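Rule-based calculations on the coordinates, nothing more; no lab input. Bear in mind the structure is a predicted one, so any value in this text is a computation, not a measurement. Glycine also receives a Cβ, built like all others from the backbone with ideal geometry; neighbour counts cover every protein chain displayed.
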Amino acid sequence: MTPFRMIGLLGSHRFVLPALVTLGLTVTSTYVAQALLLSRIFGSVVSDGAVRWSIVGPAMAGLAAALLIRPALVLARELASTALMTAVKTDLRSRLIGDVVEERAADVRGRLGRDHALVVDGVENLDPYLGKYLPQVAMVVIACTGIGIAMVVIDPVVGAIALAAVLVLPLAPRAWDRILARKGADHWEAYEGLHAEFLDSMTGMTTLVLHGAEARRQRELQERSASLLSATMGQLKVSLIESGLSAFALVAVPALVLAAAWGRREHLSATAVFALILLSVELVRPLRDLATHWHAGYAGTYAGREILAVLQPHEHDREVDGLDQDQDGLSLSGATFTYPGADRPVLHSVTATWGRGLHVISGASGSGKSSMAAILAGLAEPEQGVVRLDGRALGREARRGEVALVAQDPVLFAGTVGDNIALARPATGQPRPIDEVAAVVGIGSDDPELTLDTVVGERGGLLSGGQRQRVALARALRLDRRVLILDEADSALDRRSEEAILARLATDQSDRIVLMVTHRPRPTGDAVSTTVLDAGQIARPVVTR
């Protein structure tokens, strides 16, 4: 993968790259100044046989200034790089989570462990590549050109030899890059595989034990670990060979310049000889740093390829145009949706409209209820059809900003009930008070044992299914979205609790559209309408109260 494609991962932060390159060049300039000042000092001592303070004094003062300024410049560069990559990684993870969720909603064949490795470790691997290696690529071109020209000015013959050497010799180890890239890809694939298997094992440990499959799973994990070890050692061997060749090539350039300067000693002053030799060291310093950053960050190229594959624009990502002034509420027009690899659509030309208030979407398992909910929430995109809200056609991203979806098995995080509700914040405006949305779902009233201070445990393990659903519903209400979809989100609640929550939802916000997806055969008494799905189609006309 070329560095130019990887720049796209920086997104809106790519404008910081020139600043990082400038800071890097400023640091390099202190090394060049150090080389020139030292050559002046050494040349004066060798030529005169004694210290001439009129020359040495100012040169040493300049040298001290360069040595004092350099740490501050290096610190500024590191801080800028850290700030850049913190912002980039935050944005990438935010975009990746949304796109991975959407991709898995449409293709359930994905692996949670691989997705986790990509979002966590994959993004982290981009840090040294984007923050250090990419700026260094530009620095190498600019710095080596500038230093080479300076050497040509001092002596055209030695300068030309230095430029030719720096163009040819460091290219030899690049022949190993293809092999190293292949080994690195194998290593990342083995790491992702082990990560996926391990996370799946931890998640399904209870099931594995119940079926007596834990021993077989242990052997599978051992095989994956052995595969990762083999890939790691293979990658390390090639990397060490490449490092040795690079080090030899970079040492060979100053050695060649030294030999050329010695051959031209009769035509050069002592100061010029020292300047050429010391500048040749600085000529390869950017290349040495480039090799260092490459080895630190090349793993990011493989993760970057997968990240770009997830984030690359699809045809259905574009915003849908169109406005129907006469339409009010939420509508789905002519929606057809097929899961990847499926023989037939799970939804076929579905058209329905829902206004303000509570609506029921019912049907047997496999009828397409959850697929419809995923489309309305922006987690899936139909091959055909349009979603509109108050006459405005909504693309995928717009639907995510207008619709809150509460699933049957919500995900909670370690902490208290209040902590989990507080995670939800609207994109604009102030979030609703936590105690207000908690009261709507009956936290602290319908279930006195469930309060804002109740500890939920990892993945909500300390709560019952109904309690988890209450917390998830309160979290969704805090987003303050116009549309709220409950996809079997009340399945763990008893009938009385369900009716109490729905009654409070009906009076919570008068303009909210609530879609209750359920397989229960009986509709709720508060429903404005009932949409019945059967085999991916509307089974009968919508029943409206």
Where a ≥ b ≥ c are root eigenvalues of the Cα gyration tensor, a/c under 1.5 meaning rounded, otherwise prolate if a/b exceeds b/c and oblate otherwise, the range 182-237 counts as prolate
Once you have a ≥ b ≥ c as the square roots of the Cα gyration tensor eigenvalues for the range 380-518, tell me rounded if a/c is under 1.5, and otherwise prolate or oblate according to whether a/b is larger than b/c.
prolate
Using the per-residue mean of other Cβ atoms lying within 10 Å as a proxy for protection, in what order, highest first, do the peptides 290-299, 125-134, 76-85 fall?
125-134, 290-299, 76-85
Loop GluC sites (Glu not before Pro), the range 338-424 (other Cβ atoms within 10 Å of the site Cβ: 12 or fewer; DSSP)
Glu383
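How would the range 204-295 be classified by its alpha-carbon gyration tensor: rounded, prolate or oblate, with rounded meaning a/c under 1.5 and the a/b versus b/c comparison settling the rest? Write down the numbers at each step before the final one.
Numbers: a/c = 12.34, a/b = 4.98, b/c = 2.48.
Verdict is prolate for the range 204-295.
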Stretchable slack from Leu75 to Arg288, in nm (0.36 nm times residue separation minus alpha-carbon distance)
74.7 nm
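Could you work out how much longer the chain between Arg216 and Thr203 gets when fully extended? Use 0.36 nm per residue separation minus the Cα distance between them, nm to one decimal. Don't jump to the answer; show the numbers that get you there.
Details: separation 13, 0.36 × 13 = 4.68 nm, distance 1.60 nm.
Value of the extension gain: 3.1 nm.
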log₁₀ I(q)/I(0) of the range 429-487 at q = 0.24 Å⁻¹, via Debye over equal Cα point scatterers, no solvent, to two decimals?
-1.02
Order by protection proxy (mean Cβ within 10 Å, highest first), peptides 260-270, 529-539:
529-539, 260-270
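I'd like to know how the range 353-455 sits against the 2.2 N^0.38 Å rule of thumb: what's its Cα Rg over that expected value?
Working: Rg = 16.6 Å, N = 103, 2.2 N^0.38 = 12.8 Å.
Taking N as the residue count of the range 353-455, the ratio is 1.29.
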If you count, for each residue, the other Cβ atoms within 10 Å and average over each peptide, how do 429-439, 412-422 line up from highest to lowest?
412-422, 429-439
Using +1 at the C-beta of Lys and Arg and -1 at the C-beta of Asp and Glu, which of Pro382, Phe413, Gly329 has the Cα lying farthest in the positive direction of the dipole of the range 319-470?
Pro382
